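The values are calculated or read from the model by the stated rules, or taken from the named source; none is laboratory data. Everything quoted here is computed from the prediction, not taken from an experiment. Backbone-built Cβ (ideal geometry, glycine too); neighbour counts: all protein chains shown. Note: accessible area is taken over every heavy atom of the protein model, side chains too, but ligands, DNA and RNA are not part of it. Shrake-Rupley method; radii C 1.70, N 1.55, O 1.52, S 1.80 Å.
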2 protein chains.
Amino acid sequence: MSTVQALPATRRRRQGKYTFYLENPPLIAGIAAVGGPVEGAGPMGAGLDHVYNDNLLGQKSWEQAEVRMMCDAVHLCCRKTGIPLQQVDILFASDLLNQIVTSSYAARDLDIPYVGLFGACSGMSEGLGLAAMAVDGGYADTVVVAVSSHHLTAERQYRFPTEFAGQRPPTAQWTATGSTAVILANRKAGDGVVGITHVTFGRVIDASLKNPYDMGSAMAPAAVDTILRHFKDTGRSFSDYDVVATGDLARVGHPIAAEMLQEAGYDPGDRFIDCGILLYDPNRQDVHAGGSGCACSGIVLASDLYPRLRRGELKRVLLVATGSLHSKITIQQKESMPGIAHAVALERMDA
Amino acid sequence: MSTVQALPATRRRRQGKYTFYLENPPLIAGIAAVGGPVEGAGPMGAGLDHVYNDNLLGQKSWEQAEVRMMCDAVHLCCRKTGIPLQQVDILFASDLLNQIVTSSYAARDLDIPYVGLFGACSGMSEGLGLAAMAVDGGYADTVVVAVSSHHLTAERQYRFPTEFAGQRPPTAQWTATGSTAVILANRKAGDGVVGITHVTFGRVIDASLKNPYDMGSAMAPAAVDTILRHFKDTGRSFSDYDVVATGDLARVGHPIAAEMLQEAGYDPGDRFIDCGILLYDPNRQDVHAGGSGCACSGIVLASDLYPRLRRGELKRVLLVATGSLHSKITIQQKESMPGIAHAVALERMDA
């Protein structure tokens, strides 16, 4: 047995108070995303690797369909990158369902070591952050991060039985149906040109809002908190990123975040976008304030941001997936809705 | 911007196919655990840092009481270790409730960066595994891992309204009420004599069992799978550990796991124990097959295993917290119950 060491020999990989610095940025070997009919018909549809014709995928329940979507996304990602699933060391996965059953049942079928995460709709960046740490730290060579959401499983879990067909207020968002899988590697594999360089995990911020039909407003302060801490830690600002994309603040929450950032002395400008706004076409698709769900930022990353990074149209993107951490029970108990946002910096490594 | 590196300079910290090797084992600065009246009256009661007189803790709901328990455990751990909460870089937390609301609402009050995890009752070792990686990798100096479960919140969520007072079969387990917090540091702080040396994340194993009143049998194969892979990767066996403790297989599942290990050629013997069996006194406490819940392995670690490691009575312990990954919905949909187990090796570092 070894002796106690006063200080470790490991190099410190921390910048500022809150931000991880990835010494050897794990490279994105590839991304795959699948989506439902609504997502396929939207502005991101062309970038999806597969669009399902219906929401059931031939399964007996929407929950089983969601499991199938996540497995499909992971298998497609393996195929695109040329990395066999058996060579992937760990699956980091999350979804919105109680006991994250989509992730766990998908992990059962995928049969590789599995770390289950929950960050509500912030799952994409939470997973990428932990996965990047595992690869950069030398604990894994190849990992896959998977997220999913399904409009119909989320709707009946968080809100009403779907048969009820309740009317939703304009501030409500539309939970995306889809799944995204990202493979990270410590070597050049697949695409291998975009790396994860920094991760800033979020604090839970509660603006004392209690309306579950307006999650954007509840999450906006968390997004702002994480972005400001990331900028402070790294010395960066909006001008250092081609895009700073929040997850799913949508048309109500995103302007609030932009205003808060302006009040803090920043000029977000056109670089500050939101995946919940981009996922659907408000003129053709009746999704109220915009998209939400783990798959919202996942699909926009896979269909738009990552391809543009890969083609060199973007050099640096800060993905700030956002999550509202309430449950049906906490709403019933009159609790307010805490929000969280995790930031992950994606960067072309050959520029 | 940097250039693509073919292979990272980071040292590989992997042993065998599945196991992490912590190069500079993060040291446990301290552990604190709190428990409900039943846990306080049981064999582990004397080792608890605080025992509550009732299950409500003066709150308006059991859910709010569970949040309070987790905050109490973290604050107590900070006090015991002399490390102010503001110096803790990240909270890794998990619990059993839908959307892990205990962890998220506790994180709101604790106000430090938060990574939410779900692994059902395997949360203690899932959290310790990720946290150890964060510290050993140099991404954090000090982290806290917290888990909780509450008999009454779990009972009404997973099974029946508690007012129903339904009779449970003898194979059923008793979800523990309590919370455990562990602070890990990259330097000698607090106790600082026990380190985390290896982590083996589990695969999801499904034995096709469907009885939610017999989780021990469903989780046993997952525990065995993880233990066998840990042994294979590290070249270790039962003789290398003073204790190999599963999380909550309890009196039905643990003998099944022991038999499976024997069939695989190992002799588990007296070193192979289960926290679900140790948490309560079957002669005085009517808990059917034994304890379960995230707090089950958490409390036994805090009250028994860790103090014995600290006193030098034990040199090496393999903690294999176990989780059943089903939800009420998957049971209603006639799905089987997948299990998982994550293994964390705890070792005295001064021997």
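Miscellaneous remarks
- At 7 Å out from Cα toward Cβ: A:ALA264 inter-copy label distances (nm, ascending): 4.8
- This model, with +1 at the C-beta of Lys and Arg and -1 at the C-beta of Asp and Glu, gives the protein assembly as shown a dipole about its Cα centre of some 980 debye.
- Listed by chain and number, the lysines whose alpha-carbon sits under 21 Å from that of A:LYS334, ignoring those within fewer than 8 places in the same chain, are A:LYS210, B:LYS60.
- Scanning residues 5 or more positions from A:GLN15 or on other chains, those with amide H under 5 Å from its amide H are A:PHE20, A:TYR21, with H placed 1.01 Å from N in the peptide plane.
- A point 7 Å from Cα along Cα→Cβ stands in for A:HIS50, and the other copies hold the same point at 5.0 nm, listed in rising order.
- For A:VAL135, the shell of other residues with beta-carbons less than 10 Å away shows a net charge of -2, using +1 for Lys and Arg and -1 for Asp and Glu.
- In chain B, the DSSP-assigned H stretches of four residues or longer account for a calculated mean residue ellipticity at 222 nm of -9500 deg cm²/dmol, using -39500 (n - 2.57) per stretch and the full residue count as denominator.
- The A:ASP286 and B:GLU263 beta-carbon pair, evaluated with R₀ = 56 Å, returns a calculated FRET efficiency of approximately 0.45.
- Ranked from shortest, the separations from the 7 Å Cα-to-Cβ label point of A:ILE331 to its equivalents in the other copies are 2.4 nm.
- Stretch gain in nm, segment B:GLN333-B:ARG271, where the contour uses 0.36 nm per residue and the Cα spacing is subtracted: 18.5 nm
- Interface area, chains B and A: about 7000 Å² of buried accessible surface, summed, with a 1.4 Å probe and ligands, DNA and RNA left out.
- Gain upon complete extension [B:ARG79, B:ASN53; 0.36 nm per residue less C-alpha separation]: 7.2 nm
- Listed by chain and number, the lysines whose C-alpha is less than 18 Å from the C-alpha of A:LYS232, apart from same-chain residues fewer than 8 away, are A:LYS17.
- Per residue, the average separation of C-alpha pairs within less than 8 Å and at least 6 apart gives chain A a relative contact order of 24 percent.
- The percentage of C-alpha pairs in region B:26-152 whose separation is greater than 24 Å is 23%.
- Mean sequence separation of contacting Cα pairs (under 8 Å, at least six apart), scaled by the length of region A:72-127, corresponds to a relative contact order of 35 percent.
- Hydrodynamic radius (Kirkwood) for chain A, which is based on Cα pairs only, to one decimal in Å: 19.9 Å
- Loop sites in region B:297-351: trypsin sites (Lys or Arg not before Pro), DSSP, at most 11 other Cβ within 10 Å: B:LYS334
- Choice from B:MET70, B:MET219, B:MET337 showing the highest fluctuation, given a GNM over chain B with Cα pairs closer than 10 Å: B:MET337
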